[in-house]
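Here, each number is a calculation from the coordinates, and none is a lab measurement. These numbers come from a predicted model, not from an experiment. Reconstructed Cβ throughout: ideal geometry from the backbone, glycine too, with neighbour counts over all protein chains shown.
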């Protein structure tokens, strides 16, 4: 399910130089912007968790007209750049601003204190939910319209087209998952909470939100979960170690399938929504 951007520019306007933080934000910005602007991302080959920008990355941000990132929750380093960027020509856009991010499961009751980084308490993976992703597209369009009012109609149309495609995709798979016999699935790390919530499913991650490996006790609990709920498949990622997942699969008889959290550029020439649909298709076929 692709979403083709309208790229007709108003004559006499100059391209904005836009730098984005990682793949979903890059792909979403390209969709909203079309070919109107020069859009780049500072990292594409690795996951975003614990990523720190290089000196060259920071220089690229300062040379840009616009810097777009997901959220303080995910890219805490971007938050630290904010104060100095405020005094520069760079317009900073937080794509997930206004979204109500959920607490990490198990940390719902942990109070925010001076000794706890509050960004670590919230799950940032909203881009795996098509509807929340559409909200981010609207946020990006709203800010680009202010910066480039001559092309405001194009930005809004592209965001609206994306939102419609996201809603259609969601409706399609909500019907499919409603018929699924099992609603439980196990993943490499807990990147699919928002997706699971949107489609009436329940996720259990082998690793934490930030890819922290499980203890022996946690492994035993996951194996018990797999057996209790008759989970048929352990979903893994290509970018990180699958040792724990293979241990669980061997112990329980579950199979292994790949489910991408879309934190790094999949480099497969599919649109962002097409990549999300690919995940939904794999998930629906192997629950």
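Figures for the structure shown
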read-out	value
The chain: angle of helix 152-178 to the longest principal axis, Cα-based, in degrees nearest 10	10 degrees
Cα-based helix-to-principal-axis angle, 130-147 vs the chain, degrees rounded to 10	20 degrees
Förster radius 41 Å - calculated FRET efficiency between residue 150 and residue 257, Cβ distance, rounded to 0.05	0.30
Estimated Rh, the stretch 213-273: Kirkwood, alpha-carbon pairs, angstrom	12.9 Å
Max mean-square fluctuation residue, GNM over the chain, Cα-Cα springs under 10 Å, options 240, 256, 93	240
Debye-sum result for the stretch 17-172 in log10 I(q)/I(0), which assumes one identical scatterer on each alpha carbon, at q = 0.09, 0.11, 0.12 Å⁻¹	-0.30, -0.45, -0.53
MRE, 222 nm, helices only [DSSP H, n ≥ 4, -39500 (n - 2.57), over the chain, to nearest 500]	-13500 deg cm²/dmol
GNM flexibility winner over the chain from 43, 86, 188 (Cα, springs under 10 Å)	86
Proportion of all alpha-carbon pairs of the stretch 169-224 beyond 18 Å (%)	40 percent
Segment residue 183-residue 230, length gained on full extension (0.36 nm per residue, minus Cα span)	15.9 nm
The chain: angle of helix 76-86 to the longest principal axis, Cα-based, in degrees nearest 10	10 degrees
Whether the chain is rounded, prolate or oblate, judged on the alpha carbon gyration tensor where a/c under 1.5 counts as rounded	prolate
Coarse-grained scattering of the stretch 179-286 at q = 0.10, 0.15, 0.18, 0.24 Å⁻¹, given as base-10 log I(q)/I(0) from a Debye sum over alpha-carbon atoms	-0.26, -0.60, -0.86, -1.50
Rounded to 5, percent antiparallel among DSSP beta bridges of the chain	5 percent
Ranking of 20, 247, 29 by count of other Cβ atoms within 10 Å, fewest first	247, 29, 20
Relative exposure of 80, 284, judged by other C-beta atoms within 10 Å (fewest first)	80, 284
